[in-house]
1. Compare the peptides 49-57, 134-142, 488-496 by average per-residue count of other Cβ atoms within 10 angstrom and give them in order, highest first.
2. Under DSSP H, which helices of the chain have Cα atoms covering 27 Å or more of the helix axis and a Kyte-Doolittle average no less than -0.5?
3. For the chain, with every protein chain kept in place, what is the accessible area per residue (1.4 Å probe, Å²)?
4. Kindly flag which residue pairs out of 243/465; 51/278; 376/465; 102/465; 102/319; 46/320 have an alpha-carbon separation exceeding 31 Å in this structure.
5. When 1/r is averaged over all different Cα pairs and the result inverted, which Kirkwood radius in Å belongs to the chain?
6. Quick check for me: using +1 on Lys/Arg Cβ and -1 on Asp/Glu Cβ, what's the dipole size of the chain about its Cα centre, in debye to the nearest 20?
7. Which percentage, to the nearest 5, of the DSSP beta bridges contained in segment 55-515 is antiparallel?
8. Using mean Cβ contacts within 10 Å as the protection proxy, how do 39-45, 225-231 order, highest first?
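The values are calculated or read from the model by the stated rules, or taken from the named source; none is laboratory data. Not measured: the values here are computed from a predicted model. Virtual Cβ from ideal backbone geometry, glycine too; neighbours counted across all protein chains shown. Calculation scope for accessible area: heavy atoms of the full protein, side chains included, ligands and nucleic acids excluded. Shrake-Rupley method; radii C 1.70, N 1.55, O 1.52, S 1.80 Å.
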Amino acid sequence: MGSGTRMEEGGGGGDGFVSKFTSSFIKMEKALNRAFSKCFLGKYFKLEARKTCFTREFRAAMATFLTMAYIITVNATIIAVSGGTCSTADCTPPKSADCVAKPNAGYEACLAKTKSDLVVATVVSAMISTVAMGLLANLPFGLAPGMGPNAYLAFNLVGFHGSGGPLSYQTALAVVCIEGVLFLLVSALGLRGKLAKLIPHSIRLACAAGIGLFIAFVGLQSNQGLGLIGPDPSNLVTITACKIVDPVTGACLGGRMQSPKFWLGFLGLLITSYGLMKNVKGSMIYGILFVTFVSWFRHTGVTYFPDTPLGDANYNYFKKVVDFHKIESTAGVLSFSDFNRSEVWVALATLFYVDVLAITGTVYTMAEIGEFVDEKGNFEGEYMAYIVDAAGTIVGSTLGVTTTATFVESSAGLREGGRTGLTAVFIGMFFFFSLFFTPLFSSVPPWAIGSSLVLVGVMMMKVVKDIDWNNMKEAVPAFATMLLMPLTYSIANGIIGGIGLHIALNFFDYASGTIKWFRNMRRMVVKEQNQVSATTTAAVDSTVEII
């Protein structure tokens with residue numbers, strides 16, 4: 001009985017310690033929040049006015065960063081497919097014109113350095129843009145190079161290792177820079193919302209879904225993703241996931257659906273999907289982390305560091321863990337020499353169009369989720385928010401990456417209570433700390449990235465429910481837009497096809513409307529002429545009577 005009493009006293013003492021620690025921690029947190037709200041920064045970010053506090057903004061920033069941190073490796077992996085500034089000059093002798101398309105130790109070493117450069121470029125552009133959003137617009141949004149424009153540059157403008165597109169990597173970056181300047185101009189003039197409304201509603205929705213399908217298609221391929229889809233001489237594409245693959249063509253040589261890398265990536269897809277089902281914060285990165293961690297073990301069938309000279313070099317860099325990588329090949333390489341080509345202007349128009357729709361819509365959607373929008377449809381900081389993401393695109397292009405966009409993952413921070421630009425500043429700080437782990441971010445394998453690309457496509461498909469599928473004038477152009485993007489491997493083709501069909505199907509309405517307008521104008525003119533004639537006749541008659 002005495003023993004039982006001592007145990008109860010001991011338990012009570014433990015509970016008392018925990019309760020005292022919790023109570024003191026809560027008091028410290030309240031004191032910190034109260035003090036910060038009263039200081040200059042607290043007043044600058046309007047913490048009290050927006051009914052938030054320092055620790056809540058910090059938690060919101062952590063939630064947003066965890067959900068969008070995947071973009072660091074995903075963006076670098078996608079853009080690196082273009083080859084960056086690597087060329088045949090980097091190939092190991094004997095050099096040939098097609099050495100960039102075949103396994104070549106020298107070229108692959110150049111690609112590895114380029115990917116590290118792009119990791120840093122992604123982080124720096126995200127950090128600068130997000131901090132600027134917090135300081136200038138006082139909004140809790142995270143920004144980074146967006147999905148869609150990066151795939152458009154890598155696969156449509158430049159092509160696989162620079163061999164399949166009409167433009168060079170340097171020229172494509174110049175196009176992105178000019179697009180950013182135009183974006184900044186229309187933002188400064190307050191025209192972004194008006195330009196977005198000029199495009200038919202169904203086409204706007206279909207563009208988002210079509211880009212999602214395109215990105216998912218990329219994520220299923222072997223060079224950039226899971227490896228489920230490969231080339232087929234009869235049907236163009238087919239299911240592969242083969243154990244043995246032709247390193248040049250990617251064709252299946254044996255062991256269909258037996259690739260261990262595919263099944264590991266598929267497991268990562270299931271992990272991420274389950275996390276999204278349960279609304280687990282950071283779900284997009286957990287699947288990537290699992291697959292990547294398993295792939296870091298050497299001498300396995302799924303290793304990212306095979307027993308080759310390149311694998312050894314990558315492994316030696318990976319072992320550094322902490323390293324500040326300096327951008328060597330992608331910064332400041334913009335080239336404007338080919339701007340006399342029609343392909344440049346098509347690319348510029350496509351990028352500008354997509355960004356006006358996607359980025360403007362995302363910013364406004366985040367503002368609605370955060371309940372910043374007033375009854376007139378405006379929100380505080382709107383003007384500067386548009387200026388910041390446009391300027392971020394210019395900064396990103398000079399570093400070597402594509403259009404900077406507000407991320408929908410910002411909604412994670414909004415759900416955590418983030419209401420001011422302090423959240424964005426904290427997100428920028430998290431990006432800054434990630435700069436020192438370039439060896440880790442550069443060592444994420446494609447089969448770990450593929451699952452996230454597929455799920456990004458899934459999330460972008462939700463807009464199709466808002467298309468009026470019962471109206472063929474809306475449904476046909478929208479479907480064509482969505483279908484052409486992955487099947488022609490071109491975002492631009494989808495947009496052009498959708499708008500062209502919309503104009504063709506509505507041509508009769510446009511023509512009849514124009515004819516009706518001319519008829520009404522003619523009637524008005526005739527009516528006015530009759531009134532003038534009647535007035536003149538009356539005036540003459542009155543003059544005769546007077547005489």
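1. 134-142, 488-496, 49-57
2. Sorted by number, the helices that extend far enough and score high enough are 105-132, 169-188, 201-219, 342-369, 507-546.
3. Normalised by residue count, the accessible surface of the chain is 48 Å².
4. Too far apart for the 31 Å limit: 243/465; 102/465; 46/320.
5. 26.1 Å
6. The calculation lands at about 820 debye.
7. So the antiparallel bridges in segment 55-515 amount to around 85 percent.
8. Ranked from most to least packed, the peptides come out as 225-231, 39-45.
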